[in-house]
Amino acid sequence: KNEVEQSPQNLTAQEGEFITINCSYSVGISALHWLQQHPGGGIVSLFMLSSGKKKHGRLIATINIQEKHSSLHITASHPRDSAVYICAVNPTGTASKLTFGTGTRLQVTL
Amino acid sequence: DTAVSQTPKYLVTQMGNDKSIKCEQNLGHDTMYWYKQDSKKFLKIMFSYNNKELIINETVPNRFSPKSPDKAHLNLHINSLELGDSAVYFCASSQVGAWQFFGPGTRLTVL
């Protein structure tokens, strides 16, 4: 079983919908990351968080350390949000190492 | 002005050959990484260097040898390529404990 699990694996939404992607992990962590992989293959870091909530534009990331769970929300979704969203964690004591989830493929249609 | 660059972008080669992938970052970061993304799009760390010192080596076959001539460069040399080495290889960099900046990836196809 992977140390980082994401759900759903695939998600289709209509433009304007509110989207939630979930991430659960089974190890102690120092930080959790959300990444976006574009259809062209490039990977961009969206958030790094160790507690609470962060917001950037239409994206919001939350984390509950006690429940070992994080969510990525996208408000007012747009076709350009179509991508694979990847959750990754820094296991405790390994500041540089990232352990990845399997990703959530999001398709936003008009 | 690319932050993390990799060359080549595509690499097609025969089984048994030796090949290298180069990575450079101009962000002044101390730490650099190599990741492998398999055909199912799953990412896994291979190596990490901090200030030219190897700090992570994740049970990668010793046919893979990273080399960091300085903290801005981390190259990956692969000997005796096998079919299973076909994947996309991503380089990344960061300050220790900070978020990572990824290169564009190198798609390696072994025939």
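The HN-Hα couplings worked out from phi for segment B:80-90 by the Karplus form 6.51 cos²θ - 1.76 cosθ + 1.60 (θ = phi - 60°) are 6, 4, 10, 4, x, 7, 4, 4, 9, 10, 10 Hz, whole numbers, x standing for Gly and Pro.
Protein chains only, probe 1.4 Å: how do A:L46, A:L106 rank by accessible area, largest first?
The ranking, largest first, comes out as A:L46, A:L106.
Counting only the Cα atoms, segment A:43-94 fills a convex hull of 92 Å³ per residue. Near A:L46, the amide H atoms lying under 5 Å from its own belong to A:W34, A:L35, A:Q36; only residues 5 or more places off or on other chains count, and H is placed 1.01 Å from N. Quick check: the distance between the Cα centres of segment A:1-75 and segment B:1-54, to the nearest angstrom? Here the two parts' Cα centres lie 24 Å apart. Solvent exposure of B:H73, expressed as accessible area, is near 50 Å², computed with a probe of 1.4 Å over the protein chains only. Taking label positions 7 Å along the Cα-Cβ direction at both A:V44 and B:T109, the computed distance is 2.8 nm, reported to one decimal.
Please give me, ordered by residue number, the GluC sites (Glu not before Pro) of segment B:30-111 that lie in loop per DSSP and have at most 16 other Cβ atoms within 10 Å. Here the GluC sites (Glu not before Pro) that fit, given the DSSP loop and packing criteria, are B:E58, B:E82.
In µm²/s, what is D for segment A:21-60 at 20 °C and 1.002 mPa s, where D = kT/(6 pi eta Rh) by Stokes-Einstein and Rh is the Kirkwood radius from Cα pairs?
On the way: Rh = 11.8 Å.
D = 182 µm²/s.
May I ask you to rank B:T59, B:T7 by accessible area, largest first, using a 1.4 Å probe over the protein chains only?
Numbers: B:T59 130, B:T7 80 Å².
From most exposed to least exposed: B:T59, B:T7.
What the phi angles of segment A:101-107 give under the Karplus curve with 6.51, -1.76 and 1.60, with θ = phi - 60°, is a coupling list of x, 8, x, 10, 8, 10, 10 Hz, glycine and proline written as x. Would you kindly derive the ³J(HN,Hα) couplings of segment A:77-87 from the backbone phi angles with the Karplus curve 6.51 cos²θ - 1.76 cosθ + 1.60 (θ = phi - 60°), listing them in order in whole Hz, with x for Gly and Pro? Values per residue, Gly and Pro as x: 4, 9, x, 6, 7, 4, 4, 9, 9, 10, 9 Hz.
Using a 1.4 Å probe on protein heavy atoms, which residues of segment B:61-105 have at least 30 Å² less accessible area in the complex than alone? Residues passing the criterion (a loss of at least 30 Å², heavy atoms only) are B:F90, B:G97, B:W99, B:Q100, B:F102.
Sort B:Y35, B:Y49 by heavy-atom solvent-accessible area, probe 1.4 angstrom, most to least. Could you put the intermediate results ahead of the total?
Numbers: B:Y35 0, B:Y49 25 Å².
Greatest to least solvent exposure: B:Y49, B:Y35.
Measuring between alpha carbons in the structure, the pairs from B:K9/B:K44; A:K1/A:K55; A:K1/A:K68; A:K53/B:K71; A:K54/B:K22; A:K97/B:K52 lying more than 23 angstrom apart are A:K1/A:K55; A:K53/B:K71; A:K54/B:K22. Label point of B:N26 set 7 angstrom out along Cα-Cβ; within segment B:76-93, amide nitrogens under 16 Å from it belong to B:93. Counting only protein heavy atoms and using a 1.4 Å probe, the accessible area of A:E5 comes to about 70 Å².
Based on Cα atoms of chain A, Rg over Rh with Rh as the Kirkwood radius reads 0.96.
Within segment B:58-111, which trypsin sites (Lys or Arg not before Pro) sit in a loop by DSSP and count at most 15 neighbouring Cβ atoms inside 10 Å? Provide the component values of the computation, followed by the final result.
Details: sites: B:R63, B:K67, B:K71, B:R107; in loops: B:R63, B:K71.
Listed in order of number, the matching sites are B:R63.
With the Cα gyration tensor of the protein assembly as shown giving a ≥ b ≥ c as the square roots of its eigenvalues, does the rule (a/c under 1.5 for rounded; else a/b larger than b/c for prolate; else oblate) give rounded, prolate or oblate? Don't jump to the answer; show the numbers that get you there.
Numbers: a/c = 1.85, a/b = 1.48, b/c = 1.25.
Prolate, since a/c reaches 1.5 and a/b exceeds b/c.
Across segment B:30-105, how large is the tail of the calculated P(r) beyond 19 Å, expressed as a percent of all Cα pairs? Tail fraction, whole percent: 30.
The values are calculated or read from the model by the stated rules, or taken from the named source; none is laboratory data. Computed from a predicted structure; not experimentally measured. All Cβ positions, even for glycine, are placed from backbone atoms using ideal geometry, and neighbour counts span all protein chains on display. The protein model used for the area step is the full one, side chains on, heavy atoms only, and it has no ligands, DNA or RNA in it. Shrake-Rupley method; radii C 1.70, N 1.55, O 1.52, S 1.80 Å.
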